[in-house]
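Q: Mind having a look at this structure? Questions to follow.
The values are calculated or read from the model by the stated rules, or taken from the named source; none is laboratory data. What you are looking at is a predicted structure, and each value in this text was computed from that prediction instead of being measured. Here the Cβ positions follow ideal geometry from the backbone for every residue, glycine too, while neighbour counts run over all protein chains shown.
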Amino acid sequence: MNAAPVLIGYSVAVGFVAPRLMLRAGWPHRAPALAVAVWHTLAVSFSIGIALSAYNLAMPTEHVHAGLTGLLHSCGLDVGADRPGPGTADRLAVGVPAAIAIALAGSFAFHLTRARRARTEHREALDLVGRHSPRLSATVLPYDIPAAYCLPGRRPRIVISDAAVRELTPAQVGAVLEHEQAHISGRHHLALAAVEAFHSVFRRLPLARHAREQTALLLEMVADDRALRSHSDEVLATAMYEMAAARAPKGALAAGGHTVLIRLKRILGPRKAPHPALWGSIAATAVAVLLLPLLFACPPGLG
């Protein structure tokens, strides 16, 4: 039996139905790190499902080919002499999945390189106009709007405007710096590059669009939770409010931005950690989703 129909149906469910279920669920904002992992797992599973679908379509079973040949004959087309040989099918079966893998890997490398180049150029500008503060372990930038962001990568750097240093309390500045340090230590730029690469290859897919948007939001929540370990809700929320209008340069991750309102509601509203049973069931489901396309493509033998 050819597994292509099952794999195609599975890929459609992951690419179109799963994002709706994730967006309607309440747990992702309670466990943002786990939610990021689930979004990435769905992207990987979809990629595997599409690649295996292409493989199985290129290697159809004999009776499927005979049925298609008979259909074409009934339409007056003689395709007997044009039947592709085994070598052609083999090349398609390997080439199409390989092309998908190469496109994803190449896109990931492209986004990483482009962001790294932008960060390098920005660091050079900061060396000219900014000053390093040993007390803050950050670069202070002359800017009349409270702002803070980080430049992750091999030479990470946290940047804060002098307006933020002047107008925020020491506790608020500490919470902001802790937020930015969470982005650096968590290597969040790699997770963002991964979903950007997936979106570039599957641009019209709902999963690709929502995975990119939600990953950016959820990673900010992960950094917020890191800051809340040592600072109160009020301190972080007021600091975020003061920096809501700030924008980060390309390749940087900022504490402010367009996600502030959603994050403020989360911080100031009632928060409840997910039950360990819920956490475990979601993690187990994510693992199963990752393995399902392989099980569909290689079903256990009967008998």
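Q: Among the residues of the range 4-19, count how many are within 18 Å of the chain's Cα centre (by Cα) and among the aromatic types (F, W, Y).
A: Residues that pass the stated criteria total 1.
Q: Something else: Give me the residue from the range 142-180 that is among the basic types (K, R) and under 29 Å from the mean Cα position of the chain (by Cα) and, out of that set, surrounded by the fewest Cβ atoms within 10 Å (Cβ to Cβ).
A: Among residues in the range 142-180 that are among the basic types (K, R) and under 29 Å from the mean Cα position of the chain (by Cα), the one surrounded by the fewest Cβ atoms within 10 Å (Cβ to Cβ) is R154.
Q: I'd like the full set of residues that are of a type in the set (S, T, Y) and closer than 18 Å to G257 by Cβ, limited to the range 158-198.
A: S161, the sole residue that qualifies.
Q: I'm trying to understand the selection: among the residues of the range 134-160, which are polar (S, T, N, Q) and at pLDDT 95 or above?
A: Listed by number, the list holds a single entry, T139.
Q: Further question: Return only the number of the condition from (1) at pLDDT below 95; (2) touching a helix residue (DSSP H, G or I) at 6+ places or on another chain (Cβ under 8 Å) that V14 does not satisfy.
A: All conditions are met except number (1).
Q: Which residues, taken from the range 237-277, are basic (K, R) and over 24 Å from A115 (Cβ atoms)?
A: K265, R266, R271, K272
Q: Taking the range 232-256 on its own, how many of its residues are surrounded by fewer than 19 Cβ atoms within 10 Å (Cβ to Cβ), of a type outside the set (S, T, Y) and outside any helix (DSSP H, G or I)?
A: Number satisfying all stated conditions: 6.
Q: I'm trying to understand the selection: among the residues of the range 210-228, which are without any contact (Cβ under 8 Å) to a residue 24 or more places away in the chain and either farther than 18 Å from G26 by Cβ or β-branched (V, I, T) (or both)?
A: Of everything in the range 210-228, just one residue is without any contact (Cβ under 8 Å) to a residue 24 or more places away in the chain and either farther than 18 Å from G26 by Cβ or β-branched (V, I, T) (or both), namely R212.
Q: Also: Can you go through H231, H258, H275 and tell me which one is out of contact with any strand residue (DSSP E or B) (no Cβ under 8 Å at 6 or more places or on another chain) and under 15 Å from R30 (Cβ atoms)?
A: H275
Q: Could you check D225 against (1) closer than 19 Å to E196 by Cβ; (2) in a helix (DSSP H, G or I) and say which number it fails?
A: Of everything listed in (1) closer than 19 Å to E196 by Cβ; (2) in a helix (DSSP H, G or I), D225 misses just condition (1).
Q: Let me confirm something: among G257, G269, G280, which residue is out of contact with any Ser or Thr (no Cβ under 9 Å at 6 or more places or on another chain) and on the phi > 0 side of the Ramachandran plot?
A: G257
Q: Which is modelled with pLDDT under 90 and more than 22 Å from A246 (Cα to Cα), of A109, A89?
A: A89
Q: Scanning the range 222-231 for residues that are over 20 Å from the mean Cα position of the chain (by Cα) and under 21 Å from L34 (Cα atoms), which turns out surrounded by the most Cβ atoms within 10 Å (Cβ to Cβ)?
A: Per the stated criteria, the residue is A227.
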